[in-house]
1. Out of the stretch 5-20, which residues are in contact with a helix residue (DSSP H, G or I) (Cβ under 6 Å, 6 or more places away or on another chain) and over 16 Å from I66 (Cβ atoms)?
2. Being open to solvent by 40 Å² or more (accessible area, probe 1.4 Å) and touching a residue at least 12 places away in the same chain (Cβ under 8 Å) is the requirement here; does V31 meet it?
3. Condition first: open to solvent by 40 Å² or more (accessible area, probe 1.4 Å), at pLDDT below 80 and among the small types (G, A, S). Can you find one or more residues in the stretch 77-91 that meet it?
Amino acid sequence: MERPNVKGLLIFSFTAACALLAVYLSVIKNVSVVYPHLFYIPIILAGVWYRKKAIYIALFLSAVYILVTYPLWVPDPDLSVSVLERSAILIVVAYIIG
């Protein structure tokens, strides 16, 4: 019997939980302070376990963060800069760890 990929399953679980939490807190509760910091958990784990492949997790979570935080129907230039900066930081962290 083949052993399941526990590391991959754990990273997938954390990534899915972060994405769902971002949607819930940002869209339903209208809170955007806490959840971006939780995105570092799956990025750091992926960087430690899978090195360069952590960039894919960071890109996915950055896209989720941009789509959830920055409403495309209400453009705000000040908000877009901070959202893009945080997204870039997620990608840079994954690149440095990987």
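The values are calculated or read from the model by the stated rules, or taken from the named source; none is laboratory data. Here the structure is a predicted model, which means the values were calculated and not measured. For neighbour counting, all protein chains shown are included, and Cβ atoms are generated from backbone atoms with ideal geometry for every residue, glycine included. These accessible areas exclude ligands, DNA and RNA; they are computed on the full protein's heavy atoms, side chains included. Shrake-Rupley method; radii C 1.70, N 1.55, O 1.52, S 1.80 Å.
1. Answer for the stretch 5-20, where residues must be in contact with a helix residue (DSSP H, G or I) (Cβ under 6 Å, 6 or more places away or on another chain) and over 16 Å from I66 (Cβ atoms): K7, I11, F14.
2. Criteria not met by V31.
3. Yes; the residues of the stretch 77-91 include at least one that is open to solvent by 40 Å² or more (accessible area, probe 1.4 Å), at pLDDT below 80 and among the small types (G, A, S).
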